[in-house]
Amino acid sequence: MSTRTSIPFSRRAFLKSSSLASGGLLIGFNLFTACKPKAVESPMDLSSLDYQDFNAFIKIAKNGAVTIFSPNPEIGQGVKTSMPMIIAEELDVAWDMVHVEQGILDTQNYTRQVAGGSQSIRFGWDALRTTGATAKQMLINAAAARWGVEASECTVSEGVITNAKGDTLGYGDLVEEAAKLETPEEVTLKEPKDYKIIGTGKVNVDIDEIVTGKPLFGLDYKTEGMVYASVMRPPAFGQKLESFDATEAKAMPNVVDVIQVGDKIAVLAKDTWSAMKAKKALKAEWKADTKLESSEDHDRILKGLLNGNKFETLRADGNVQKAFAEADNVLERTYESPFLPHNCMEPMNFFAHVTDEKIHLVGPIQTPEGTAGRIAEMLERDANDVHLEMTRQGGGFGRRLYGDFAIEAAEISNKARLPVKVVFSREDDMADGIYRPAIKYRIKASVKDGQITGYHLKEAAINSNMYGLIPNFFPAGAIENYQVDVAKYDSNITTGAWRAPYTNFLAYAEQSFFDELFEMMEVDKIQMRLDLLEKVKGTTDERIQYSPERMQEVIKTAVEKSGWGKQADGVYQGFVAYYCHNSHVAEVADVQIEGGMPVVKKVTCVVDCGIVVNTLGALNQAEGGVIDGIGHAMYGQFGFDSGMPTATNYDKYRLIRMQEAPKVTAHFIQNEYSPTGLGEPTLPPAGGAVANAFKAATGKRIYKQPFMENPEFWRLSDQPILG
Amino acid sequence: MPTYQLQVNGKATTVEASEDSPVLWVLRDHLNLVGTKYGCGIAQCGSCTIHLDGEAVRSCSITMTQVVGKSITTIEGLSEDGSHPVQQAWKEVDVPQCGYCQAGQIMTASAFLEKNPNPTEEDIKTAMNANICRCAAYNRIHKAVTLAAEKMV
Ligand code: FES
Ligand code: FES
């Protein structure tokens, strides 16, 4: 869908303006509400709103300075820069006049800043543009009234309004009058061709603070009288606390208290080190109350599920069994992946201070609103007692969607009646995770008369299966007989979303499978993809949201940019095209043999995510996503032994480092479609591109992540091409 | 608990801390210098990198007794105002994603470039391999170190 320049829903639901006590114009809006398409259906009554219902603000001071208060969790995906860029564009101010702040506007007047969840640029696009344009229109109306002219004859550029006679007024001169005006009902948005800020590269708004080490992150937050909590949790999944002895820990220097909350023991101390050290002195007895599971169990169980018949069918077109029976050729392969911890560079942490008056929470969280609500409920308190401030976040990757650490902090503070910061050690962070579940895929396809006639995807996963539109992603719609079946095993190991859920592994399985299938069919890998997509054109199936046209374009562009098929001697390439998070991506990995081993040297990445808001930020996301994808596909090895994680720190768990990181060249398709996801879509294809390039280089296929754990692949003696 | 005289960012400082406390936590919790980050605590990630008499060291894995009489520089003291060529390069290249690892990256890079002002591409990769960036901003880190080297000439 091309980007809309007039917005049909009522802005009244989320906008309000007024004058500031200190002089100037204030526009408040609820980004959270505005970004949810649901809000469109049930506009609220403006008169019932006060500023406590807003979580984002634009403030224009009398000197013309613009401050944008961005409520959104910044986890490294760049929204604290890109969202204000969108507002500034429509407000029509120069970017260097804009100052961006996170969080609280005025603690005296606005006490509740429970702010939005993980909404993206995609949902914020219309709301942010409308907000900026509304403020601009009010300023124009104020200027027109002062001059006694029609608003339509005024033009704006960079915060200065000009009338037909050539008189000018700056925004700062008009804020007092504008604040008294009605919020306009209709505003016109800019045409993409007129953008001056959107589509340019703006440096991260926190850059100065980051490079000088200013306190920004949750772990950096401090307040008077705060104690640090190091928490001992059951060492294995499936265990409960039986008893403990804290005598020794309590006697250690700087230790304030040791308290039990549920099955956990929290050591409170005056500094982090004393708390961590005293935790090691705790003597605790644990007992298993459910099965202590191991990775071998999971392996066996998931294989059993794939071989069994307890599936739920998520999509079925035609008759795959008939297609397989009538085929000239059938290919069936199984792909396996382990659990993965998130390993945010900043370990989980949260501050809580529970008093009779309020519940003060501070820290890095991707779902502030939901978490605040859960805490109020747990402590049987009014939701209005909760005051949550978000900090910058040292990575999210899905882990900070779960408020377990914040709830824990609130529980401990409630019991200790102290301001408490819960700090996870790296070991805690990896051992008390909410992991990407281990998954296995089995894919089977049939070929008849040179055509792919059937495609059957089976998923066996721990705890939960693929959801939403994933079963309708490519090749749904392109193959007549198509079926997706899923099955799961309920484990006591906690699992959840991990950057690009499901597709982070499915893309590799599917794209590796296609590479092998196309080789078996002896067809051109690019042409075959284009031909399959051709069949999807004009589909009336609403479940199919990927665009065959846009997919073909990224494929063709990737062929051109990567020099596909024209690579130098000794360079082996792997091709992947994948759609997820509403964006279309194609990637080509270049592999060379060095010291007898295949090494990823370069990745070309072509992305269609609609309009790119911040080109600098977008490149950073794309490069990071590709390298992250390769890192976890290559090295991410994690499992359980009797309920205990097999790795708890970086000596045993390998993350990709600079020496293994290829050069990534990212290209963005220029178009006027509304922006779509960018934090995730470049990650899933990367593993497949590498696996396919490894095959080209060595003649061998990898069916299991992490790639490093395939001894048969790395056994050099029977590698014909190496050397 | 023993008292230590330290030289931190050019200033003489006295701090009380347990002798086995890693310097990292003394900096963060006692001296309020939270720019130095905790990532692993076992000398694997480089988030906690500081300069000890100009050498890049992992502050999570050295204790107070090892720093007495030596001069410590943290990210807060690398320059008065973020004007160190490495910090400048980091801004120009717009390196950070989440930003959490970047103080450690900058401290590793600045100590490295003091020693090797004309690094090859491989030299940079080897030196910076000590620091993990979970957001994988490695391409930009590399680019910024190259740019900083040019600025330092
Ligand atoms: S925290 Fe010191 S190296 Fe990781
Ligand atoms: S920028 Fe996030 S860990 Fe490096």
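Of everything in segment A:684-711, what is of a type outside the set (D, E, K, R), within 26 Å of the chain's Cα centre (by Cα) and more than 17 Å from A:Pro662 (Cβ to Cβ)? Give them in sequence order.
Within segment A:684-711, just A:Gln705 meets the criteria.
When only residues in segment A:379-408 that are at positive phi and in contact with a Gly (Cβ under 7 Å, 6 or more places away or on another chain) count, which is farthest from the other protein chains (Cβ to nearest Cβ)?
First, pick out the residues of segment A:379-408 that are at positive phi: A:380, A:395, A:397-398.
Keeping just the survivors that are in contact with a Gly (Cβ under 7 Å, 6 or more places away or on another chain) gives A:395, A:398.
Values: A:Gly395: 5, A:Gly398: 13 Å.
Ranking the qualifying residues of segment A:379-408, first place goes to A:Gly398.
Could you tell me which of the residues A:Thr367, A:Thr272 is in contact with a Phe, Trp or Tyr (Cβ under 6 Å, 6 or more places away or on another chain) and not hydrophobic (A, V, I, L, M, F, W, C)?
Working: A:Thr367 fails: in contact with a Phe, Trp or Tyr (Cβ under 6 Å, 6 or more places away or on another chain).
Of A:Thr367, A:Thr272, the one residue that is in contact with a Phe, Trp or Tyr (Cβ under 6 Å, 6 or more places away or on another chain) and not hydrophobic (A, V, I, L, M, F, W, C) is A:Thr272.
Condition test on A:Lys202, is it open to solvent by 10 Å² or more (accessible area, probe 1.4 Å) and within 14 Å of another protein chain (Cβ to nearest Cβ)? Write out each step before concluding.
Numbers: open to solvent by 10 Å² or more (accessible area, probe 1.4 Å): yes; within 14 Å of another protein chain (Cβ to nearest Cβ): yes.
Yes; evaluated as a whole, the condition is true for this residue.
Please specify each residue of segment B:105-123 satisfying the condition of being away from ligand 2 (no atom under 16 Å from the Cβ) and either part of a loop (DSSP other than H, G, I, E, B) or at the interface with chain A (Cβ under 8 Å from one of its Cβ atoms) (or both). Outline the logic, then answer.
Step one: of segment B:105-123, the residues away from ligand 2 (no atom under 16 Å from the Cβ) are B:110-123.
Of everything in segment B:105-123, those that are away from ligand 2 (no atom under 16 Å from the Cβ) and either part of a loop (DSSP other than H, G, I, E, B) or at the interface with chain A (Cβ under 8 Å from one of its Cβ atoms) (or both) turn out to be B:Asn116, B:Pro117, B:Asn118, B:Pro119, B:Thr120.
Might you let me know whether segment A:485-504 holds any residue that is in a helix (DSSP H, G or I) and surrounded by 22 or more Cβ atoms within 10 Å (Cβ to Cβ)?
Here is the first cut: in segment A:485-504, the ones in a helix (DSSP H, G or I) are A:503-504.
Filter once more, so that each one left must be surrounded by 22 or more Cβ atoms within 10 Å (Cβ to Cβ): A:503-504.
Scanning segment A:485-504, I find at least one residue that is in a helix (DSSP H, G or I) and surrounded by 22 or more Cβ atoms within 10 Å (Cβ to Cβ), so the answer is yes.
Per-residue answers, yes or no, for (1) in contact with a Cys (Cβ under 7 Å, 6 or more places away or on another chain); (2) crowded, with 18+ Cβ neighbours inside 10 Å; (3) free of Cβ contacts under 8 Å to residues at least 24 places away in the same chain:
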| site | (1), (2), (3) |
| --- | --- |
| A:Ala275 | no, yes, no |
| A:Asn309 | no, no, yes |
| A:Lys322 | no, no, no |
| A:His342 | no, yes, no |
| A:Thr355 | no, no, no |
| A:His360 | no, yes, no |
| A:Arg374 | no, no, no |
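Sort out which residues of segment A:657-678 are aliphatic (A, V, I, L, M), at the interface with chain B (Cβ under 9 Å from one of its Cβ atoms) and in contact (Cβ under 8 Å) with a residue 40 or more places away in the chain, and write them in order of number. Let's see the steps before the verdict.
Filtering segment A:657-678 for residues aliphatic (A, V, I, L, M) gives A:658, A:661, A:664, A:666, A:669, A:678.
Within this subset, residues satisfying the condition of being at the interface with chain B (Cβ under 9 Å from one of its Cβ atoms) are A:658, A:661, A:664.
Of everything in segment A:657-678, just one residue is aliphatic (A, V, I, L, M), at the interface with chain B (Cβ under 9 Å from one of its Cβ atoms) and in contact (Cβ under 8 Å) with a residue 40 or more places away in the chain, namely A:Val664.
If the requirement is being in a loop (DSSP other than H, G, I, E, B), within 11 Å of another protein chain (Cβ to nearest Cβ) and open to solvent by 30 Å² or more (accessible area, probe 1.4 Å), which of these qualifies: B:Ala136, B:Ala130? Write out each step before concluding.
Values: B:Ala136 fails: open to solvent by 30 Å² or more (accessible area, probe 1.4 Å).
Answer to the selection: B:Ala130.
Please name all residue pairs, on different chains or six or more residues apart, with Cβ atoms under 7 Å, provided the first residue is in segment B:57-68 and is within 14 Å of chain A (Cβ to nearest Cβ) and within 6 Å of ligand 1 (Cβ to nearest atom) and the second residue is open to solvent by less than 20 Å² (accessible area, probe 1.4 Å) and in a helix (DSSP H, G or I).
The qualifying pairs are B:Cys60/B:Leu24.
Filter segment A:613-656 down to residues that are more than 9 Å from chain B (Cβ to nearest Cβ) and among the aliphatic types (A, V, I, L, M), then give me how many there are.
7
Is at least one residue of segment B:107-114 over 16 Å from the mean Cα position of the chain (by Cα) and within 16 Å of ligand 1 (Cβ to nearest atom)? Lay out the reasoning, then the answer.
Going residue by residue through segment B:107-114, those that are over 16 Å from the mean Cα position of the chain (by Cα) are none.
Scanning segment B:107-114, I find no residue that is over 16 Å from the mean Cα position of the chain (by Cα) and within 16 Å of ligand 1 (Cβ to nearest atom), so the answer is no.
Can you tell me which residues in segment B:1-14 are touching a residue at least 40 places away in the same chain (Cβ under 8 Å) and either within 16 Å of ligand 1 (Cβ to nearest atom) or farther than 17 Å from A:Thr212 by Cα (or both)?
Residues of segment B:1-14 touching a residue at least 40 places away in the same chain (Cβ under 8 Å): B:2, B:4-10.
If the condition is that a residue be touching a residue at least 40 places away in the same chain (Cβ under 8 Å) and either within 16 Å of ligand 1 (Cβ to nearest atom) or farther than 17 Å from A:Thr212 by Cα (or both), then B:Pro2, B:Tyr4, B:Gln5, B:Leu6, B:Gln7 are the ones that fit.
Can you tell me which residue among B:Ile50, B:Ile42 is open to solvent by 40 Å² or more (accessible area, probe 1.4 Å) and either within 11 Å of chain A (Cβ to nearest Cβ) or at pLDDT below 95 (or both)?
Numbers: B:Ile50 fails: open to solvent by 40 Å² or more (accessible area, probe 1.4 Å).
Criteria check complete, one pass: B:Ile42.
Quick check, is A:Arg392 touching a residue at least 60 places away in the same chain (Cβ under 8 Å), surrounded by fewer than 22 Cβ atoms within 10 Å (Cβ to Cβ) and touching a strand residue (DSSP E or B) at 6+ places or on another chain (Cβ under 8 Å)? Walk me through how you get there before you give the answer.
On the way: touching a residue at least 60 places away in the same chain (Cβ under 8 Å): yes; surrounded by fewer than 22 Cβ atoms within 10 Å (Cβ to Cβ): no; touching a strand residue (DSSP E or B) at 6+ places or on another chain (Cβ under 8 Å): yes.
So A:Arg392 does not fit the description; no.
Do you know which residues across segment B:125-148 are of a type in the set (A, V, I, L, M) and within 18 Å of B:Asp94 (Cβ to Cβ)? Even if it seems obvious, please write down each step before you answer.
Going through segment B:125-148, the residues of a type in the set (A, V, I, L, M) turn out to be B:127-128, B:130, B:132, B:136-137, B:141, B:144-145, B:147-148.
If the condition is that a residue be of a type in the set (A, V, I, L, M) and within 18 Å of B:Asp94 (Cβ to Cβ), then B:Met128, B:Ala136, B:Ala137, B:Ile141, B:Ala144, B:Val145, B:Leu147, B:Ala148 are the ones that fit.
Given the criterion free of Cβ contacts under 8 Å to residues at least 60 places away in the same chain and away from chain B (no Cβ under 14 Å), identify the matching residue among A:Asp194, A:Asp257. I'd like the intermediate steps shown before the answer.
Working: A:Asp257 fails: free of Cβ contacts under 8 Å to residues at least 60 places away in the same chain.
Unique residue meeting the criteria: A:Asp194.
Please find, among B:Leu31, B:Leu27, the residue that is away from ligand 1 (no atom under 16 Å from the Cβ), at pLDDT 95 or above, surrounded by 16 or more Cβ atoms within 10 Å (Cβ to Cβ) and more than 8 Å from chain A (Cβ to nearest Cβ). Full working, then the answer.
Numbers: B:Leu27 fails: away from ligand 1 (no atom under 16 Å from the Cβ).
Exactly one residue qualifies, and that residue is B:Leu31.
Only one residue in B:Thr36, B:Thr74 is buried (at least 19 other Cβ atoms within 10 Å of the Cβ) and near ligand 1 (Cβ under 10 Å from one of its atoms). Which one? Steps first, answer last, please.
Details: B:Thr74 fails: near ligand 1 (Cβ under 10 Å from one of its atoms).
The unique qualifying residue is B:Thr36.
Enumerate the strands (runs of 3 or more DSSP E) found wholly within segment A:124-205, keeping only those where 1 or more residues are under 37 Å from the mean Cα position of the chain (by Cα) and over 18 Å from A:Gly23 (Cα atoms). Lay out the reasoning, then the answer.
Values: elements: A:155-157, A:160-162, A:168-170.
In segment A:124-205, the matching strands (runs of 3 or more DSSP E) lie at A:155-157.
Of the residues that sit in segment A:234-253 and are within 17 Å of A:Ala281 (Cα to Cα) and of a type in the set (A, V, I, L, M), which one is most open to solvent (accessible area, probe 1.4 Å)?
A:Ala251
Considering each of A:Arg146, A:Arg122 in turn, give the residue that is open to solvent by 20 Å² or more (accessible area, probe 1.4 Å), at pLDDT 90 or above and not hydroxyl-bearing (Ser, Thr, Tyr).
On the way: A:Arg122 fails: at pLDDT 90 or above.
Being open to solvent by 20 Å² or more (accessible area, probe 1.4 Å), at pLDDT 90 or above and not hydroxyl-bearing (Ser, Thr, Tyr) holds for just one of A:Arg146, A:Arg122, which is A:Arg146.
Counting only residues that are in the same structural domain as A:Lys525 (by TED's automatic domain parsing), give me the helices (runs of 4 or more DSSP H) lying completely in segment A:367-472 with at least 3 of them.
On the way: elements: A:368-378, A:404-416, A:426-431.
Correct list: empty, since no element meets the threshold.
Restricting attention to segment B:84-104, and to residues there that are closer than 15 Å to B:Val153 by Cβ and open to solvent by 10 Å² or more (accessible area, probe 1.4 Å), which single residue is farthest from the other protein chains (Cβ to nearest Cβ)?
If we filter segment B:84-104 for residues that are closer than 15 Å to B:Val153 by Cβ, which is where we start, we get B:84-86, B:88-89.
With the extra rule that they be open to solvent by 10 Å² or more (accessible area, probe 1.4 Å), the set shrinks to B:84-85, B:88.
Numbers: B:His84: 9, B:Pro85: 11, B:Gln88: 9 Å.
Going through the qualifying residues, I end up with B:Pro85.
Checking the conditions here, which among A:Gly450, A:Gly468 is small (Gly, Ala, Ser), open to solvent by 10 Å² or more (accessible area, probe 1.4 Å) and more than 19 Å from the chain's Cα centre (by Cα)?
On the way: A:Gly468 fails: more than 19 Å from the chain's Cα centre (by Cα).
It is A:Gly450.
Considering only segment B:1-104, give the strands (runs of 3 or more DSSP E) lying wholly within it that have at least 2 residues that are within 16 Å of ligand 2 (Cβ to nearest atom) and more than 29 Å from A:Asp628 (Cβ to Cβ). Can you show your working first?
Numbers: elements: B:3-8, B:11-16, B:49-52, B:55-58, B:71-73.
Because the criterion is at least 2 residues that are within 16 Å of ligand 2 (Cβ to nearest atom) and more than 29 Å from A:Asp628 (Cβ to Cβ), no strands (runs of 3 or more DSSP E) in segment B:1-104 meet it.
The values are calculated or read from the model by the stated rules, or taken from the named source; none is laboratory data. Computed from a prediction, not measured in an experiment: that's the story for all the values here. Neighbour counts run over all protein chains shown; Cβ positions are idealised from the backbone, glycine included. Side chains included, ligands, DNA and RNA excluded: accessible areas come from the protein's heavy atoms. Shrake-Rupley method; radii C 1.70, N 1.55, O 1.52, S 1.80 Å.
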